[in-house]
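To start, the structure under review is shown below, and the notes come after it.
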Amino acid sequence: MKNTNSLSQSHKILFLNTLAFTVCFACWTLNGVLVTFLVDNGIFHWNVIQVGWLLGIPILTGSVMRLPIGILTDKFGGKYVFSLLLLLSAIPLFLLPYADSFLMFAILSFFFGMVGTSFAVGIGYTSIWYPKEWQGRALGIFGMGNAGAAITTFLAPSLLNHFSINDPQNGWKVLPVIYAISLVIIGVAFLIFAQNKKIENNTKSVSQMLTPLKSQRVWRFGAYYFLVFGCFVAYSQWLLPNFMNVYQTSLVMGGLFATMFSLPSGVIRAFGGYLSDKFGARKVMYWVLGSSVILSALLMVPKMEITTAGPGILAAKKGMVNEVNSKTVKVGDKEYPIMQKAAIVDENTIFPTSSSWQDVVVTQNQNIAKKELIAKGITVIKFDANMWIFLILVILIGISWGIGKAAVYKHIPEYFPTEVGVVGGMVGMIGGLGGFFGPIIFGYLLTATGIWSSSWIFILLFSIFCLIWMHYTITKKINNKRLVLNIDN
């Protein structure tokens, strides 16, 4: 009976954690929709650089502050840290309707961006309630709160349009208040219904708590999380302009496609936790990184049309050009057929297609030598990068990353059972920085190459780097164990 009651209490905490994280993640991504709406409707006249900062500030705050919040969670327990975080983060959202300048909006965005640290709190607070064999599933279920981003993507634009019908200039101000009220409700519920729990006999100083960060393993986990979470957050923002520029989709359709990437990735995280419990996080990460390599390699091929030299016609012998028309060239008594250019058919094909034709380069009555070029060949290779295939591949890599997010955090309580908050905060911070720097990296690559798919080249290289680092570390560890066994024998 005691175990049953204990598990029931654990499930209650898990439910509260997941609910709180979902609301926090929805608030964390609010600026993406809100700032775009304000600029598009001429309410604020911010330039591109200012918009970029307003989109990135909450993500940056929620990332870099995960480590100190993780330390506080280990020190004082998740109940009070989470409650305080929810209630304090609501204040800048209540004040946001009064923002009348870029600076004020940026400062308030900085403070409500603290909701992004909720992941570090929830990871430490959830893991301490569950035994080792349950932690992967529990952390995976908690991580489903990532779907809060999809909630904002779905609901926020419609709510903003609805509130602006009667008051186009000030109607938007209702939305941040609704989000603030949600944080207050969940924060109060946490104080009432949650039970505090922290690591027993945790009398370590801050410097002692930070000791695990010297471990290379922490930074390796951080690199994995930079890929599976940071790049996930980056593409949640990057895919919309990608679809609109490459495939000329509408804003609504592009947003829907971006949501089709982010929603499954968040929901599948619980399944990733189950797989990590059943097969081990290491095997799951092999699958995740391997699939990321394969899928990014397919996605990096751009929509393109290449024109190159094709098979031409050389004179078999010298002579005079007696006749030139669109279909043949006659030199002396020999006639050379000319390959015609086929009519261009506008098709969105799956595989690359090629077409070849020949352009005559000689004129009538011209004397030509043997092996001289009569007609040059032209070949055009066209790859449409079929939009539906692209979308399927994007959804698949999102699902893979969703599973990987759970697998990364399954590692942490196994290797750092008494420092989950600190290590989880550090790993989460590195991953969050990926969400901040990802679009910046993608933008530089796009500017340098002029190719939208250049971002997937970065993903391919980084996936290979993570896979090699993991395989090298594991192989080295196995070889060391064998060496020790041989010495003992």
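The values are calculated or read from the model by the stated rules, or taken from the named source; none is laboratory data. Here the structure is a predicted model, which means the values were calculated and not measured. We place every Cβ from the backbone using ideal geometry, glycine too, and count neighbours over all the protein chains shown. Protein only, heavy atoms only, side chains kept; ligands, DNA and RNA dropped before computing areas. Shrake-Rupley method; radii C 1.70, N 1.55, O 1.52, S 1.80 Å.
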Open item on the list: Looking only at residues that are among the small types (Gly, Ala, Ser) and under 17 Å from Val380 (Cα atoms) in segment 326-366, which one is modelled with the highest pLDDT?
Closed with: Ser356
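Considering only segment 59-107, how many residues are of a type in the set (D, E, K, R) and without any contact (Cβ under 8 Å) to a residue 12 or more places away in the chain? Step through it out loud before you land on a result.
Quick first cut of segment 59-107, residues of a type in the set (D, E, K, R) only: 66, 74-75, 79, 100.
Filter once more, so that each one left must be without any contact (Cβ under 8 Å) to a residue 12 or more places away in the chain: 100.
So the answer is 1.
Being under 13 Å from Leu433 (Cβ atoms) and not β-branched (Val, Ile, Thr) is true for just one of Phe243, Phe229, Phe257, Phe221. Which residue is that?
Values: Phe243 fails: under 13 Å from Leu433 (Cβ atoms); Phe257 fails: under 13 Å from Leu433 (Cβ atoms); Phe221 fails: under 13 Å from Leu433 (Cβ atoms).
Step by step, each of Phe243, Phe229, Phe257, Phe221 is checked, and only Phe229 is under 13 Å from Leu433 (Cβ atoms) and not β-branched (Val, Ile, Thr).
I need the strands (runs of 3 or more DSSP E) fully contained in segment 301-396, keeping only those with at least 2 residues that are open to solvent by less than 50 Å² (accessible area, probe 1.4 Å). Break it down into steps so the answer makes sense when it comes.
Working: elements: 304-314, 319-324, 328-331, 334-337, 353-360, 373-383.
So the answer is 304-314, 319-324, 328-331, 353-360, 373-383.
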Open item on the list: Looking at the structure I just gave you, is Trp53 touching a residue at least 24 places away in the same chain (Cβ under 8 Å) and either touching a Lys or Arg at 6+ places or on another chain (Cβ under 6 Å) or open to solvent by 20 Å² or more (accessible area, probe 1.4 Å) (or both)?
Closed with: yes
Task: Top-ranked residue in segment 92-143 [being surrounded by fewer than 24 Cβ atoms within 10 Å (Cβ to Cβ), of a type in the set (A, V, I, L, M) and more than 23 Å from Trp46 (Cα to Cα); ranked as farthest from the chain's Cα centre (by Cα)] - done: Ile128
Task: Per-region count, segment 40-58, residues modelled with pLDDT of 85 or more and β-branched (Val, Ile, Thr) - done: 2
Task: Filtered residue count, segment 398-432, keeping only those that are of a type outside the set (Ser, Thr, Tyr), closer than 20 Å to Val121 by Cα and open to solvent by 40 Å² or more (accessible area, probe 1.4 Å) - done: 2
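Residues Leu34, Leu67: which one is crowded, with 22+ Cβ neighbours inside 10 Å, modelled with pLDDT of 85 or more and part of a helix (DSSP H, G or I)? Before you say what the answer is, go through the steps one by one.
On the way: Leu67 fails: modelled with pLDDT of 85 or more.
Of Leu34, Leu67, the one residue that is crowded, with 22+ Cβ neighbours inside 10 Å, modelled with pLDDT of 85 or more and part of a helix (DSSP H, G or I) is Leu34.
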TODO: Need at least 3 residues that are of a type in the set (Val, Ile, Thr) per element, so show me which helices (runs of 4 or more DSSP H) inside segment 70-184 make the cut, counting only ones lying wholly within it.
DONE: 118-127, 148-163
Open item on the list: If Asn3 meets every condition in (1) more than 30 Å from Tyr235 (Cα to Cα); (2) at pLDDT 80 or above apart from one, which number is that one?
Closed with: (2)
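With respect to Val39, determine if the residue is open to solvent by 40 Å² or more (accessible area, probe 1.4 Å) and β-branched (Val, Ile, Thr). It would help to see each step written out before you state the result.
Details: open to solvent by 40 Å² or more (accessible area, probe 1.4 Å): yes; β-branched (Val, Ile, Thr): yes.
Taking the combined requirement at face value, the residue satisfies it.
From the set of residues in segment 447-461 that are assigned to a helix (DSSP H, G or I) and open to solvent by less than 40 Å² (accessible area, probe 1.4 Å), which is nearest to Lys405 (Cα to Cα)? Break it down into steps so the answer makes sense when it comes.
At the first step, the residues of segment 447-461 found to be assigned to a helix (DSSP H, G or I) are 447-449, 454-461.
Adding the requirement that they be open to solvent by less than 40 Å² (accessible area, probe 1.4 Å) leaves 454-456, 459-460.
Numbers: Ser454: 24, Ser455: 20, Trp456: 19, Ile459: 16, Leu460: 18 Å.
Going through the qualifying residues, I end up with Ile459.
Is it true that some residue in segment 410-417 is more than 30 Å from Phe76 (Cβ to Cβ) and not in a helix (DSSP H, G or I)? It would help to see each step written out before you state the result.
At the first step, the residues of segment 410-417 found to be more than 30 Å from Phe76 (Cβ to Cβ) are none.
Checking segment 410-417: not a single residue is more than 30 Å from Phe76 (Cβ to Cβ) and not in a helix (DSSP H, G or I).
Out of the residues in segment 246-268 meeting the condition of being of a type outside the set (Ser, Thr, Tyr) and touching a Phe, Trp or Tyr at 6+ places or on another chain (Cβ under 6 Å), tell me which one is surrounded by the fewest Cβ atoms within 10 Å (Cβ to Cβ).
Kept after step one, since they are of a type outside the set (Ser, Thr, Tyr), are these residues of segment 246-268: 246, 248, 251-258, 260-261, 263-264, 266-268.
Then drop every residue that is not touching a Phe, Trp or Tyr at 6+ places or on another chain (Cβ under 6 Å), which leaves 246, 254, 257.
Details: Val246: 16, Gly254: 19, Phe257: 21.
Restricting to residues being of a type outside the set (Ser, Thr, Tyr) and touching a Phe, Trp or Tyr at 6+ places or on another chain (Cβ under 6 Å), the top hit is Val246.
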